[in-house]
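Just so it is clear, none of the values below were taken in a lab; they were calculated from the coordinates. Note that the structure is a prediction, hence the values are computed from the model and not measured. Heads up, the Cβs are rebuilt from the backbone with ideal geometry, glycines too, and the neighbour counts pull from every protein chain shown.
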Amino acid sequence: MTLRPVAAQQPKLETSVETPTFRLWEGKAPGAVGDEDRDIPTLTYYAAYGRQTSGTAVIVCPGGGYVGLASNHEGRQVANFLNSLGVKAFVLKYRLGPRYRHPAPLTDAQRAIRLVRSRAKEYDILP
C-alpha cells in the first residue's frame, strides 16, 4: 500500500487562481494616521469562473462591527460564491476602529466604488 499526501489527491480548485490586491489610493489614504497594513485600504479582485461571466461585479464589504473584518467567511467565501455564478467580486479591506472612526470606512467604500467603475473596461464590467 502506497501512502500519498492528502493534498496530492485533492482536485485543484478553480478558486486557487491568483487574486490580485491593490491599494485604493496611491500614497496615503485621506486621514491615514500611519503606514502600517491597517492604515492601507485595499481591494482584492476575484475573477468569475465556470459559467459565462455576466459583466456584473460586486464589491464585498466584510462585516465586523468596524473593529474587525470577517474577511474569510464574509469576504473570500462570498466572493468565491459570486464567482461561481459568473459574477466578478472585489473584497474591500477598509480602515477600522478604534484607530479610525466615521467617515474613514465610508470614504474607503466610496473610493472602492469609484475605482471599480473607473476600471470597468479593464475588468470587462458593465457599469
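The alpha-carbon atoms of the range 17-118 define a convex hull whose volume equals 94 cubic angstrom per residue. Electrostatic bookkeeping for Pro62 treats Lys and Arg as +1 and Asp and Glu as -1; over the other residues with beta carbon under 15 Å from its beta carbon, the sum is +2.
Among beta bridges identified by DSSP and lying wholly in the range 17-118, the antiparallel ones come to about 65 percent. Sorting the segments 28-41, 81-94, 104-117 by their residues' average number of neighbouring beta-carbon atoms within 10 angstrom, most packed first, yields 81-94, 104-117, 28-41.
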